[in-house]
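The values are calculated or read from the model by the stated rules, or taken from the named source; none is laboratory data. The structure displayed is predicted, hence computed values, not measured ones. Every residue, glycine among them, receives a Cβ derived from its backbone with ideal geometry; neighbour counts consider all protein chains shown.
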Amino acid sequence: MARHVAVASPKGGVGKTLIALQLAGHFAVRGERVCLVDHDPQGSCLIFGKVATNANVELPFVPTTAMVSGFDTYIHDYPPGLADTYAPCRIVVVPTLLDAASYLVHKRGLRHFQDLGLRVIPVAQRVRTDRKEQRDLLKHFQDGVVLRDRALYANCYGKGLTVASARGLPHLGLAQSEIERLAQAVDGGGK
Ligand SMILES: Nc1ncnc2c1ncn2[C@@H]1O[C@H](COP(=O)(O)OP(=O)(O)OP(=O)(O)O)[C@@H](O)[C@H]1O
Ligand SMILES: [Mg+2]
């Protein structure tokens, strides 16, 4: 049976699309047939597909706006906000930035996703430990998933690559380990 993973948050600009792309790249390079479903009218995943085409990069996954059958794993990139249903997803990845206002909204989002019966994977996003406010909020993510603020992620987007298939860029190994950890959390509790 196919696995469906949502990436969603009540907040905009927290890295949902980045995470959806990186997860799609990771699972695809691991050998799964991956479909990236773009639910956002901004079409950021589709734009990534165009960037890749222009850079002569063959994407290891298929970005689309419609549900297409025949894939092992579907990653669903949602626009900001809370929907009434994320069916057929049973897992949701929920990124947040580490500032007080974002974290409050994030917690409201977590309650909503839990009420819908989804398995929730919170992710601390764009983390900078040189900032005290972030260090304090990071305590809520002990043993959780943390993605640091890395120019590499945006650089990869501009090249039509994900860190799983990029080569020879600075800090690549560190970014790959972060995404690996995220993928393990998604793999963690079944479908
Ligand atoms: N860990 C990170 N390090 C550096 N830059 C990042 C990181 N995560 C996201 N970004 C950058 O932050 C910006 C917003 O990310 P992204 O578009 O993925 O957010 P989003 O939640 O999908 O936004 P929207 O709500 O508009 O859909 C992008 O320019 C992205 O490249
Ligand atoms: Mg987005």
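At-a-glance table
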quantity	calculated
Hits in the range 47-92 (condition: among the β-branched types (Val, Ile, Thr) and more than 16 Å from ligand 2 (Cβ to nearest atom))	Thr53, Val57, Val62, Val68, Thr73, Thr85, Ile91
The lone exception for Arg108 - which of (1) touching a residue at least 12 places away in the same chain (Cβ under 8 Å); (2) touching a helix residue (DSSP H, G or I) at 6+ places or on another chain (Cβ under 8 Å); (3) among the charged types (D, E, K, R) it fails	(2)
Matching residues, the range 141-179, being farther than 19 Å from Leu59 by Cα, among the charged types (D, E, K, R) and loosely packed, with under 14 Cβ neighbours inside 10 Å	Asp143
Residue in the range 70-84 that is more than 21 Å from Arg30 (Cβ to Cβ) and either of a type in the set (S, T, N, Q) or modelled with pLDDT under 95 (or both) present	no
Among (1) crowded, with 19+ Cβ neighbours inside 10 Å; (2) in contact with a Gly (Cβ under 7 Å, 6 or more places away or on another chain); (3) in contact (Cβ under 8 Å) with a residue 60 or more places away in the chain, the one test that Ala55 misses	(1)
Counted residues, the range 26-39 - those being in contact with a strand residue (DSSP E or B) (Cβ under 8 Å, 6 or more places away or on another chain) and surrounded by 20 or more Cβ atoms within 10 Å (Cβ to Cβ)	7
Qualifying residue in the range 66-73 (condition: surrounded by 15 or more Cβ atoms within 10 Å (Cβ to Cβ), within 16 Å of ligand 1 (Cβ to nearest atom) and among the hydrophobic types (A, V, I, L, M, F, W, C))	no
Pairs with Cβ under 6 Å, 6+ apart, first in the range 3-20 and at pLDDT 95 or above and near ligand 2 (Cβ under 8 Å from one of its atoms), second among the small types (Gly, Ala, Ser) and not in a strand (DSSP E or B)	Lys16/Ser9; Thr17/Ser44
Criterion: away from ligand 1 (no atom under 16 Å from the Cβ) and either in contact with a helix residue (DSSP H, G or I) (Cβ under 6 Å, 6 or more places away or on another chain) or closer than 27 Å to Val105 by Cα (or both) - qualifying residue of Pro10, Pro41, Pro80, Pro60	Pro60
Test: residue in the range 122-140 that is away from ligand 2 (no atom under 16 Å from the Cβ), in a loop (DSSP other than H, G, I, E, B) and surrounded by 15 or more Cβ atoms within 10 Å (Cβ to Cβ)	no
